[in-house]
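Visitor: Before anything else, here's the structure in question.
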Amino acid sequence: MKIGIISDTHDDIDNIKKAVRIFKDKDIKIVIHLGDIVAPPAIKFFEGFKLIGIFGNNDGYKQFLLETYRSIGGDLKGDFASIEIDGLKFALYHGEYSHITEALVKSGDYDFVLSGHTHSANVTKSGKTILANPGSAHRFFTNNTGPTAAVLDTGSKKVEIIMIGR
């Protein structure tokens, strides 16, 4: 199964639409949003996916975000989530405190630790755990690669960072 991973969209509707188009082209059914979606109306563009999300440090209107996730059949977990998909264990954490992200990886309890916040896409492995950050989907990214998201293949356990346009 392929899972779409996106973070730090910060209301960039144009890039959300581009990412959604890429996810649909890749036949993705589940999308994980790692926080900083910001305003609830941006959630509606993910309708049609099983959307799983967590809060980021810039997500206000938490009750409205929760209600909007629910209105499209999504599941907003809170500040942290531990989930299982295809027999794999995932930790979802926005990433504002790097020592927490590092502790999740070092625990060895997860196959994947997914985090955002840094706006810098990367994939690393420590022991059996893969740490994946899809970067920022916002056009005003802070890395030198441009707006990014990721696709995770649960069969191969590979994470592909994808460009979503400038």
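Visitor: For the chain, what is the charge dipole size about the Cα centre, in debye to the nearest 20, if Lys and Arg each add +1 at the Cβ and Asp and Glu each add -1 at the Cβ?
Guide: In total the dipole reaches around 420 debye.
Visitor: With +1 assigned to the C-beta of every Lys and Arg and -1 to the C-beta of every Asp and Glu, and no other charges, what is the dipole magnitude of region 35-109 about the Cα centre in debye, to the nearest 20? Could you put the intermediate results ahead of the total?
Guide: Working: 7 positive and 11 negative charges, 29 e Å.
Using only the charged Cβ atoms, the result is roughly 140 debye.
Visitor: What are the residues whose amide H is under 5 Å from the amide H of A121, where those residues sit 5 or more places off or on another chain and H is modelled from the backbone?
Guide: The answer is G135, S136.
Visitor: Taking the dipole about the Cα centre of the chain, with the C-beta of Lys and Arg at +1 and of Asp and Glu at -1, give me whichever of V105, L76, L152 is farthest to the positive side.
Guide: Farthest towards the positive end: L152.
Visitor: Amide H of D75: which non-local residues (sequence gap of 5 or more, or other chain) have their own amide H closer than 5 Å, using H built in the peptide plane?
Guide: Here the answer is L51, I52, G53, since their amide H atoms fall under 5 Å of that of D75.
Visitor: Is region 93-165 rounded, prolate or oblate when judged by the Cα gyration tensor, a ≥ b ≥ c being the square roots of its eigenvalues, rounded requiring a/c under 1.5 and prolate requiring a/b larger than b/c?
Guide: Numbers: a/c = 2.82, a/b = 1.39, b/c = 2.02.
Because a/c hits 1.5 or more and a/b fails to exceed b/c, region 93-165 counts as oblate.
Visitor: Let me ask you something else. What is the set of long-range amide H partners of I164 at a cut-off below 5 Å, with H atoms built 1.01 Å from backbone N?
Guide: T148, A149
Visitor: Helix 13-25: angle to the longest alpha-carbon principal axis of the chain, degrees 0 to 90, nearest 10?
Guide: 60 degrees
Visitor: Moving to a separate point now. Could you check the simple spin-label distance between D86 and T124, using points 7 Å along Cα→Cβ, in nm with one decimal?
Guide: 2.4 nm
Visitor: Just to be sure I understand: with springs between alpha-carbon atoms less than 10 Å apart, which residue in F23, F64, F49 has the highest mean-square fluctuation in the Gaussian network model of the chain?
Guide: Largest GNM mean-square fluctuation: F64.
Visitor: Step through the residues of region 112-121 one at a time and calculate ³J(HN,Hα) from phi using the Karplus curve (6.51 cos²θ - 1.76 cosθ + 1.60, θ = phi - 60°), rounding each to whole Hz and writing x for Gly and Pro.
Guide: Couplings: 9, 10, 10, 8, x, 6, 7, 6, 10, 6 Hz.
Visitor: A further question follows. Residue by residue through region 57-62, which ³J(HN,Hα) values in whole Hz follow from phi under the Karplus form 6.51 cos²θ - 1.76 cosθ + 1.60 (θ = phi - 60°), with glycine and proline marked x?
Guide: Here the 3J(HN,Hα) series is 5, 9, 8, x, 6, 4 Hz.
Visitor: Could you tell me which label, among [x] -0.42, -1.07; [y] -0.30, -1.07; [z] -0.35, -1.03, carries the value of log10 I(q)/I(0) by the Debye sum over Cα atoms at q = 0.10, 0.18 Å⁻¹ calculated for this structure?
Guide: Only one option fits the structure, namely [y].
Visitor: Using only Cα atoms, locate the centre of region 1-27 and the centre of region 52-130, then give the distance between them in Å, rounded to an integer.
Guide: 16 Å
Visitor: For the chain, set up a GNM with springs between Cα atoms under 10 Å and report which of Y110, Y93, Y61 has the largest fluctuation.
Guide: Looking only at Y110, Y93, Y61, the biggest GNM fluctuation is shown by Y61.
Visitor: What ³J(HN,Hα) values, in whole Hz, does the Karplus curve 6.51 cos²θ - 1.76 cosθ + 1.60 give for region 38-55 when θ = phi - 60°, with x put for Gly and Pro?
Guide: Each residue's phi maps through the Karplus curve to give 5, 9, x, x, 5, 5, 4, 5, 8, 4, x, 9, 7, 9, 10, x, 9, 7 Hz.
A short reminder: the numbers here are calculations on the coordinates, not readings from a lab. Please read these numbers as outputs of a predicted model, since none were measured by experiment. Cβ coordinates were reconstructed from backbone atoms using ideal geometry, including for glycine residues, and neighbour counts include every protein chain displayed.
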